[in-house]
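**Student:** Provided herewith is a single structure, encoded as structure tokens, for subsequent inquiry.
None of the figures in this text is laboratory data; all of them are computed from the coordinates on show. Source: prediction; values computed, not measured. Quick reminder, even Gly has a Cβ in these numbers, built from the backbone with ideal geometry, and neighbours come from all protein chains shown.
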């Protein structure tokens with residue numbers, strides 16, 4: 001039998017991020033959700049911020065795809081190792097389109113309450129992403 005948390009995580013990446021279905025935020029994220037890794041200092045840390053991020057990522061990379069590489073499920077938390085791919089075709093958090101394709105590794109740690117994500121922590125290989133986008137020179 002599948003753990004309910006794995007289904008939420010699958011939908012979080014496949015439907016929310018890959019398909020851009022921001023209307024799923026209330027279904028997947030607890031009302032008290034907190035993003036402990038917002039990426040931008042003025043980004044709301046609650047559920048509203050997630051919708052902003054999804055829309056911004058999809059504007060910047062319309063072919064955005066997250067692929068779950070590995071998942072570890074605990075009693076009230078899930079750790080995910082994922083690969084983000086996309087082609088930078090539009091504004092991405094203030095970066096003009098470069099036309100470059102990226103492939104970036106990411107880890108997220110999601111804590112659950114009552115079947116929804118309540119706490120989010122993320123580690124993304126931002127250095128690799130900026131190098132692939134040509135913002136920083138190759139290493």
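**Student:** Among 120, 88, 36, determine the one that fluctuates most according to a GNM of the chain built with springs between C-alpha atoms less than 10 Å apart.
**Tutor:** 36
**Student:** Roughly how many nanometres apart are two label points built 7 Å out from the Cα toward the Cβ at residue 48 and residue 123?
**Tutor:** 3.1 nm
**Student:** Still on this structure, I have one more. Could you calculate the contour length gain from residue 81 to residue 113, that is, 0.36 nm times the residue separation minus the distance between their Cα atoms, to one decimal place in nm?
**Tutor:** Difference between extended and current length: 9.4 nm.
**Student:** Which FRET efficiency, nearest 0.05, do residue 69 and residue 40 yield, Cβ-Cβ r, R0 30 Å?
**Tutor:** Computed FRET efficiency for residue 69 and residue 40: 0.75.
**Student:** With springs only between Cα atoms under 10 Å, which of 46, 99, 60 fluctuates most in a Gaussian network model of the chain?
**Tutor:** Residue with maximal mean-square fluctuation among 46, 99, 60: 99.
**Student:** Please report, in cubic angstrom per residue, the volume enclosed by the convex hull of the alpha-carbon atoms of region 4-132.
**Tutor:** 91 Å³
**Student:** Right, here's the next one. On a full-extension model of 0.36 nm per residue, what is the gain between residue 59 and residue 135, subtracting their alpha-carbon distance, rounded to one decimal in nm?
**Tutor:** 25.5 nm
**Student:** Using Cα pairs under 8 angstrom and six or more residues apart, how large is the relative contact order of region 4-132, in percent?
**Tutor:** 25 percent
**Student:** Given the DSSP H assignment, sum -39500 (n - 2.57) over each helix run of at least 4 residues in the chain and divide by its residue total; what's the result at 222 nm in deg cm²/dmol, nearest 500?
**Tutor:** The helix-only estimate for the chain comes to -6500 deg cm²/dmol at 222 nm.
**Student:** Fewest to most neighbouring Cβ within 10 Å: what's the order for 5, 105?
**Tutor:** Fewest-to-most ranking of 5, 105: 105, 5.
**Student:** Now for a different question. When the chain is treated as a GNM, springs tying every alpha-carbon pair under 10 Å, which of 97, 56, 82 comes out with the largest mean-square fluctuation?
**Tutor:** 97
**Student:** Pairs of alpha-carbon atoms within less than 8 angstrom and 6+ residues apart define the contacts here; what relative contact order does region 88-139 have, in percent?
**Tutor:** Relative contact order, region 88-139: 30 percent.
**Student:** Return the FRET efficiency for the residue pair residue 89, residue 6: r is the Cβ-Cβ distance, R0 is 35 Å, and the value is rounded to the nearest 0.05.
**Tutor:** Working from the Cβ atoms, E equals 0.65.
**Student:** For region 55-100, what number results from the quotient of the Cα radius of gyration and 2.2 N^0.38 Å?
**Tutor:** For region 55-100, the normalised Cα radius of gyration is 1.48.
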